[in-house]
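Only one structure is covered here, and it is reproduced in the block below.
The values are calculated or read from the model by the stated rules, or taken from the named source; none is laboratory data. It should be emphasised that the depicted structure is a prediction, and the values quoted were computed from it without experimental measurement. Cβ placement follows ideal geometry from the backbone for every residue including glycine, while neighbour counts extend to all protein chains displayed.
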Amino acid sequence: MNLPLKLQQMGWQAFFQQQLNLDEFENTIIARVIAHHRSVYELMTIQGPYHLKVSSNLPQITIGDWMLLDIAGCYIRLLERKSLFKRKAAGNQTVEQLIAANVDTLIIVSSLNQDFNSSRIERYLTLAYEAGAQPLLVLTKVDLCSDVETFLQQVRKIDPRLMFEVVNALDTSCISSLQHWCKDGSTIAFVGSSGVGKSTLVNSLTGITGQKTAAIRSDDSKGRHTTTSRSMHFTPLGAVLIDTPGMRELQLTDCGEGIRRTFLDIELLTTQCRFHDCQHLAEPGCAVQQAIAQGELDTRRLINYQKLNTEQARNTASLQERRAQERQFSKMVKTAKSLKSKKML
């Protein structure tokens, strides 16, 4: 798409407009973060691209954020987010990592092959619901699948209300079903394993080939990493697309509401258990185990529900403990500086 862009073409909505007073709207530069590098943020404005140096004085910023700059291009403030995707940082780090902000629709991409994993899809659904975005499951490589219905049955077991599309990402006529999601001013993020076709979908929807793509390995259907960082793209229909690399580790944190919405069937069953503290193992009068025995609920789904609850509780507690330690350390530093100033007087 040719530059410059209009605000709406960058995903500007009334939600953000309402946060500005008239003076700010007329005398500041409205910018959106389109990429985050080690030392600089790439920004897009109606005047063209800008760069903002990463600094410890800035708040946590991620791709999709909106901010105000002064006429000189200096940071003023970050606008309130409409939605925010985050996770616990990979590895043993007890820090929170922001993935993307102000996303309207999260497209969860999965291949109709060995990559398909119901538990992973539920993890992404939890992320979407907690962030406040609309999830859409897109099943790719339909041209290579001989038994699509078997996969669709698994999708319905996750949630019969879950919206999904079945496509061949390489066939532009097949992805026409996704066009109505690409509304003017909307922001759509793509998540999923490497090799499922996220970048191919982005290329097809934008009409360009800016994102590298690669074929999956034929022996195990595993993908190769071709997208190495999050990137933002603009479509002819006015929608904004955010492509993300395949995340090997997606540890959840502080997402109790997301889990409740993803596993609403289990949540409703738990209210029917005889004991309010039922662990859904072998307790008498357990409505969850009764549903499993009657074939109304998969054991796998219950196990994943319990796993995600345990994981998010553990990670949330770890992060809260770290924040408490940082607040205590900051208080000690301020006290020490105050005492030093008094001694100098």
Subset of the range 289-306 [of a type outside the set (D, E, K, R) and within 16 Å of residue 258 (Cα to Cα)]: 302, 304, 305, 306
Whichever residue in the range 239-256 is part of a loop (DSSP other than H, G, I, E, B) and at pLDDT 90 or above and, among such residues, is farthest from residue 87 (Cα to Cα): 239
Qualifying positions in the range 37-51 - surrounded by fewer than 18 Cβ atoms within 10 Å (Cβ to Cβ) and over 17 Å from residue 76 (Cβ atoms): 37, 38, 39, 40, 48, 49
All positions within the range 160-176 that are in a helix (DSSP H, G or I) and surrounded by 15 or more Cβ atoms within 10 Å (Cβ to Cβ): 174, 175
Members of the range 1-59 found to be assigned to a strand (DSSP E or B) and among the small types (Gly, Ala, Ser), listed by number: 31, 35, 48
Matching residues, the range 155-178, being within 18 Å of residue 261 (Cα to Cα) and not aliphatic (A, V, I, L, M): 156, 157, 159, 160, 161, 164
Answer residue from the range 238-266, given it is within 15 Å of residue 310 (Cα to Cα) and of a type in the set (Asp, Glu) and is surrounded by the most Cβ atoms within 10 Å (Cβ to Cβ) among those: 254
Residue in the range 46-53 that is under 22 Å from residue 96 (Cβ atoms) and among the polar types (S, T, N, Q) present: no
Set 150, 105, 126: member being out of contact with any Phe, Trp or Tyr (no Cβ under 9 Å at 6 or more places or on another chain) and either closer than 29 Å to residue 10 by Cβ or not charged (D, E, K, R) (or both): 150
Single match in 259, 292 (criterion: modelled with pLDDT of 95 or more, closer than 30 Å to residue 188 by Cα and among the β-branched types (Val, Ile, Thr)): 259
